[in-house]
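A short worksheet on the structure shown next.
The values are calculated or read from the model by the stated rules, or taken from the named source; none is laboratory data. Not measured: the values here are computed from a predicted model. We place every Cβ from the backbone using ideal geometry, glycine too, and count neighbours over all the protein chains shown.
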Amino acid sequence: MGVSILIISGRKPRRSAVQTRELPAKRELPSPGMNASPELRSDKGRTEAEEITPLEARSPGRFSEDERGLSEENHAPQGVAAVIFLAIFLLPLFTNAQGFNKNLYFGMRNNSEVVRLQEFLRDLGYFTYPTSTGNYFTATLNAVKKFQKDNGIPAIGGYFGPQSRTIANRLLSPVEEATSSATKTVKTKTSPYKGKIVISFVSGKSEDPKAEYLILANKTEKEKVIISDWFIEISSGARFTIPKGYELPGFSTLPSDPIALRPGDRATITVGRQEKNADFRQNVCTGYFDEETVYSPTLSHQCPRPDTGRLISLSDQCLRIIDATPTCRLSRPGPYIDSDCSQYLNRSLNYTGCVADYRNRKDFYSQEWLIWMQKNQEFFRNVREHIILRDPQGRVVDEYSY
């Protein structure tokens, strides 16, 4: 964003004061695929504060009359100093609202886009260097890598490229800013569900997303609470919105059931992926699901076993097959079985038959929902993390730190 400052003086300016001058062309910086110049490659081990900016490196005697600007006789009135002061300190407020549209990389010097990147990372807690120098060196590189890691972006030498810019711009967009402002407004407000739904446990210190998870629990005695559209927020600002799921999985194509926690229920939310891409409440029959698909966490195997004492009409061979079949597993009969046995095995020893036979039992439904974030990268930080559970209005339901 350009800022024009109009200087109004009571005296007529001299012609030399408004001459147009052409500054020396900026030196082209190397692209990520090019070899850095000896100057850039010699920066290893130097701190950002030790770098000398181009203007500091030049002695005053080397500036031409044009480069120095107005002569002493043509100084602006003192009142203009206030305007310049405001412009200098207000300019970052306007530029920070813009998104990032250029790729940034290690070795860049005295760059205004790098200054904005450093301020952006500072606001998120990644960049802790005392000043924003505009130099993309070690401190900035490490901050970018942490930002990328927390947002599931492959870190390629700390290169702040298209994927990183997309995430950053989303956080800086007007919608996100409005959401952020609303979140800050309600940050001290608590949800009416506080104390009712709690983060009871977090496993976030693994680098394997399938081993990262948290558990939400309903601590009420009588109240059922819908948690779909609530969101989990971590220290980097990244969020996961709890989706809808399947109260009774396996009988519809779209997850249309709000995830509701009844008293004593819990929801285990795993960071990693799940092949079937389905979130569901477990029941006594869902153990059949992992016969051909691996689930993490593992499913419970509580499928009721058939009472062979009530199946006296079946042959002894068939009864032996039923007794030998593991819980929540399809039967593997030999090729020579009678038709009555085949019919029973195909009807009852599978998920559909199990639901048909036992759905009306009081203990049919489990007290656990299984939800997956479907991420390939870890979500939580490994050493220290602060997690906030918010309701759809952004109000704090619970917080958890480790």
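Considering only residues that are within 17 Å of the chain's Cα centre (by Cα) and either modelled with pLDDT of 95 or more or charged (D, E, K, R) (or both), which ones fall in region 380-398?
Phe380, Arg381, Arg384, Glu385, His386, Ile387, Ile388, Leu389, Arg390
Here is a check on your reading of the model: is Asn346 in the same structural domain as Arg266 (by TED's automatic domain parsing) and either modelled with pLDDT under 95 or of a type in the set (Asp, Glu) (or both)?
No.
Just one of Phe120, Phe94 is closer than 19 Å to Asn169 by Cα, assigned to a helix (DSSP H, G or I) and modelled with pLDDT under 85; which is it?
Sole residue among the options that is closer than 19 Å to Asn169 by Cα, assigned to a helix (DSSP H, G or I) and modelled with pLDDT under 85: Phe94.
When you check Val383 against the structure, is it in the same structural domain as Phe280 (by TED's automatic domain parsing), aliphatic (A, V, I, L, M) and loosely packed, with under 13 Cβ neighbours inside 10 Å, yes or no?
When the stated conditions are applied, Val383 passes them.
Answer yes or no as to whether Ser348 is free of Cβ contacts under 8 Å to residues at least 60 places away in the same chain, out of contact with any strand residue (DSSP E or B) (no Cβ under 7 Å at 6 or more places or on another chain), exposed (fewer than 15 other Cβ atoms within 10 Å of the Cβ) and more than 16 Å from Glu247 (Cβ to Cβ).
Judged against the criteria, Ser348 is not a match.
How many residues are surrounded by 18 or more Cβ atoms within 10 Å (Cβ to Cβ) and assigned to a loop (DSSP other than H, G, I, E, B) when one looks only at region 248-273?
6
For region 288-295, indicate whether the set of residues that are buried (at least 18 other Cβ atoms within 10 Å of the Cβ) and within 24 Å of Leu349 (Cα to Cα) is non-empty.
yes
Sort out which residues of region 123-142 are modelled with pLDDT under 90 and either in the same structural domain as His386 (by TED's automatic domain parsing) or of a type in the set (A, V, I, L, M) (or both), and write them in order of number.
Answer for region 123-142, where residues must be modelled with pLDDT under 90 and either in the same structural domain as His386 (by TED's automatic domain parsing) or of a type in the set (A, V, I, L, M) (or both): just Leu124.
I'd like the full set of residues that are farther than 14 Å from Trp372 by Cα, aromatic (Phe, Trp, Tyr) and under 16 Å from the mean Cα position of the chain (by Cα), limited to region 200-239.
Trp230, the sole residue that qualifies.
Inside region 195-250, can you point out the residues that are free of Cβ contacts under 8 Å to residues at least 24 places away in the same chain and in contact with a helix residue (DSSP H, G or I) (Cβ under 8 Å, 6 or more places away or on another chain)?
The one that is free of Cβ contacts under 8 Å to residues at least 24 places away in the same chain and in contact with a helix residue (DSSP H, G or I) (Cβ under 8 Å, 6 or more places away or on another chain): Ser203.
Residue-by-condition table, conditions (1) buried (at least 17 other Cβ atoms within 10 Å of the Cβ); (2) part of a helix (DSSP H, G or I); (3) at pLDDT below 95; (4) of a type in the set (A, V, I, L, M):
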residue: Lys149; (1), (2), (3), (4): yes, yes, yes, no
residue: Pro154; (1), (2), (3), (4): no, no, yes, no
residue: Arg165; (1), (2), (3), (4): yes, yes, yes, no
residue: Arg170; (1), (2), (3), (4): no, yes, yes, no
residue: Thr185; (1), (2), (3), (4): no, yes, yes, no
residue: Thr188; (1), (2), (3), (4): no, no, yes, no
residue: Ile199; (1), (2), (3), (4): yes, no, no, yes
residue: Val202; (1), (2), (3), (4): yes, no, no, yes
residue: Ile232; (1), (2), (3), (4): yes, no, no, yes
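Identify the single condition in (1) surrounded by fewer than 18 Cβ atoms within 10 Å (Cβ to Cβ); (2) touching a residue at least 24 places away in the same chain (Cβ under 8 Å); (3) among the small types (Gly, Ala, Ser) that Gly309 does not satisfy, given that it satisfies every other one.
So Gly309 meets the others, but not (2).
Is there a residue being within 22 Å of Phe147 (Cα to Cα) and either part of a strand (DSSP E or B) or in contact with a Pro (Cβ under 6 Å, 6 or more places away or on another chain) (or both) anywhere in region 351-370?
no
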